[in-house]
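This report refers to the structure that appears directly beneath it.
The values are calculated or read from the model by the stated rules, or taken from the named source; none is laboratory data. In this text the structure is predicted, and so the values were computed from the model without any measurement. Glycine gets a Cβ as well: all are built from the backbone with ideal geometry, and neighbour counts include every protein chain shown.
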């Protein structure tokens, strides 16, 4: 169960970060663009156990604060202990493909 | 200002293409000439990309140069990477929310790039954070347009509901709106550009509004300090096209009926453009066919197969793909099958630098083969040449029944330019000798002439084999036959020597009594023409010898110019060996001893070429250029 607290969007379980621009996010609850430093009364905290479970399933997690992908369990624990926001979900960007010339 | 050199930087996939295209269209709509080169990593999304561009009030520019007067930065990395490219009095548009971002915190910065930047920051006594860098720039004559991208988006969000899945579009528009304000582009021209890019719907509406908001903020604070002079060029009808696009256009005009390919950078975009215009009816009848195969071996062989049925064909590829095509080309040479290979050069060897440019495949295109067979090698120096070369290549291939290799470099392929609409009345299609009703005595490889009439599979029985063969096409290893058929094939080279005029092989630019002669090919052309103008301002008269065909080689012109100017003749190329100079030695027996070479994967800029020429004139024998991020 999620614990309901007043917090910044970046720390909220509803928050989905833009895959390229880390100052843009998306709120799954509101269904609209939000910004990481905004705070919201509807925000809910990311539950550590869920992050760990997702890490076990996906094999990776992304630290929003550090902008890095974590593959190692010890690394994950370290970022959790620092209170970093970890996720496996991003805002869906449907136009990046049109902005990315081939490179193969 | 007569012209504006500018840079737009940002993460790959983050909207840079949109910013560049909209600004290019807006400049062109306002009557300015534009050129923009795209530089990007092969990692597809997230790595640093940039557009280096120029808008000109008097001409359709062909060269790129540093320093720049405007940098539009979508992210912190763009400022860190390009602050050394700025001219005095330049303007930087950047995201002031990122002031606390430290260089070491940016994961997309390549380690070697990071070290290089760090060294410069240390030398200039600048802290690693963006805010400190920006303050340094302010203190050193650079005008900083700091905008809170977050606040701008937040403001827009209050007025409308930003389309989340297209959020990067709005970042593009910040750069567009701010740049347009500083340069004083007509808002209607910006509107035209945005409309052309986004077509219709909420994203268009939002971005039209957003562009106005951003422009208003910037112009009210900074005015339009980079305003270009009113356009004075009477350019007529223009196209804004990439090199890939214009080769595709040339092929369509040249009557291409089938294009084969396997996707490879930087060639694939040409095939994609052709695919967009592929219109086939139920029976496969309609426009040209674009055929993507499983690899380049299949691509060249499918093209050759189609050629044997009388189809006008081409294949497009890049270095690694061409290597795979070489055996097939030999088969085409043996069987006198007309086929065009559009060869987009990138940095090699191996995978090399897939998204970076180079001119290191010249010797390969001229010599790649086991055994000997005739071929032609054309090389395009700009978009205009690429259009006509694409048509000529198709004609030459069928007239002489040979493989024709059309060299284009990545710089040209990925550079978007405003180009005058070609005079299509000058275009023609020559399919060479064709026999429609071959009799029973028909010999596909008749010894009567180096070029014997073609009859097509599907209409008549013709024998083809990779083995040596007789006039009918049957295998023969008999010595006298071997001499005759080898002579028949190879004598095409003499025919080509006689029929392709010298002025088709080479173009001469600049002063007729020069102090220095530049010798080059391909995308060097723009930089050379730009450098000639700059050298003139320094009191140096320069000529540029631009080679357009390597087979046949313009040996008379090169010999003649060399005989007069050998001590001041400089080979200028995007490779290590000076490959065009090697060919000048092989084909024209001249030894060009001075070289200006660049093999970083970035194009030669006219200003660095001018400076290198000046160093050569002061005694240097060889200059290796390295400018560009």
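Summary table below
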| item | result |
| --- | --- |
| Single residue of B:523, B:553 found to be touching a helix residue (DSSP H, G or I) at 6+ places or on another chain (Cβ under 9 Å), surrounded by fewer than 24 Cβ atoms within 10 Å (Cβ to Cβ) and at pLDDT 95 or above | B:553 |
| Flag if residue A:40 is away from every other protein chain (no Cβ under 13 Å), surrounded by 13 or more Cβ atoms within 10 Å (Cβ to Cβ), under 24 Å from residue B:160 (Cα atoms) and over 15 Å from the mean Cα position of the chain (by Cα) | yes |
| Yes/no for residue B:59 being part of a loop (DSSP other than H, G, I, E, B) and either buried (at least 24 other Cβ atoms within 10 Å of the Cβ) or in contact (Cβ under 8 Å) with a residue 40 or more places away in the chain (or both) | yes |
| Any chance residue B:115 is surrounded by fewer than 18 Cβ atoms within 10 Å (Cβ to Cβ), away from every other protein chain (no Cβ under 14 Å) and assigned to a helix (DSSP H, G or I) | yes |
| Condition check for residue B:378: under 30 Å from residue B:598 (Cα atoms), touching a residue at least 60 places away in the same chain (Cβ under 8 Å) and out of contact with any strand residue (DSSP E or B) (no Cβ under 8 Å at 6 or more places or on another chain) | no |
| Scan of region B:376-385 for residues that are outside any loop (DSSP other than H, G, I, E, B) and under 20 Å from residue B:601 (Cβ atoms), ordered by number | B:379 |
| From the options B:141, B:193, residue that is assigned to a loop (DSSP other than H, G, I, E, B) and more than 12 Å from chain A (Cβ to nearest Cβ) | B:141 |
| Number of the exception - residue B:14 against (1) within 11 Å of chain A (Cβ to nearest Cβ); (2) in a loop (DSSP other than H, G, I, E, B); (3) surrounded by fewer than 23 Cβ atoms within 10 Å (Cβ to Cβ) | (3) |
| Residue B:540 being over 24 Å from residue B:346 (Cβ atoms), crowded, with 21+ Cβ neighbours inside 10 Å, modelled with pLDDT of 95 or more and touching a strand residue (DSSP E or B) at 6+ places or on another chain (Cβ under 7 Å) | no |
| Residue count, region A:58-87 (criterion: free of Cβ contacts under 8 Å to residues at least 60 places away in the same chain, in contact with a strand residue (DSSP E or B) (Cβ under 6 Å, 6 or more places away or on another chain) and within 24 Å of residue B:101 (Cα to Cα)) | 10 |
| Check on residue B:54, in the same structural domain as residue B:174 (by TED's automatic domain parsing) and in contact (Cβ under 8 Å) with a residue 12 or more places away in the chain | yes |
| Strands (runs of 3 or more DSSP E) contained entirely in region B:485-591, each with at least 2 residues that are under 28 Å from the mean Cα position of the chain (by Cα), closer than 24 Å to residue B:56 by Cβ and not assigned by TED's automatic domain parsing to the domain that holds residue B:353 | B:506-510, B:516-521, B:542-547 |
| Residue count for region B:73-97, restricted to those that are away from chain A (no Cβ under 14 Å) and either within 23 Å of the chain's Cα centre (by Cα) or more than 19 Å from residue B:27 (Cβ to Cβ) (or both) | 11 |
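Yes/no per residue for (1) surrounded by fewer than 24 Cβ atoms within 10 Å (Cβ to Cβ); (2) in a strand (DSSP E or B); (3) at pLDDT 95 or above:
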site	(1), (2), (3)
B:25	yes, no, yes
B:46	yes, no, no
B:49	no, yes, yes
B:66	yes, no, yes
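For every residue, the table says whether it meets (1) surrounded by fewer than 23 Cβ atoms within 10 Å (Cβ to Cβ); (2) in the same structural domain as residue B:418 (by TED's automatic domain parsing); (3) more than 23 Å from residue B:272 (Cβ to Cβ); (4) out of contact with any strand residue (DSSP E or B) (no Cβ under 7 Å at 6 or more places or on another chain).
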{"residue": "B:286", "(1), (2), (3), (4)": "yes, yes, no, no"}
{"residue": "B:289", "(1), (2), (3), (4)": "yes, yes, no, no"}
{"residue": "B:318", "(1), (2), (3), (4)": "no, yes, no, no"}
{"residue": "B:332", "(1), (2), (3), (4)": "no, yes, yes, no"}
{"residue": "B:337", "(1), (2), (3), (4)": "no, yes, yes, yes"}
{"residue": "B:343", "(1), (2), (3), (4)": "no, yes, no, no"}
{"residue": "B:372", "(1), (2), (3), (4)": "yes, yes, yes, yes"}
{"residue": "B:393", "(1), (2), (3), (4)": "no, yes, no, no"}
{"residue": "B:398", "(1), (2), (3), (4)": "no, yes, yes, yes"}
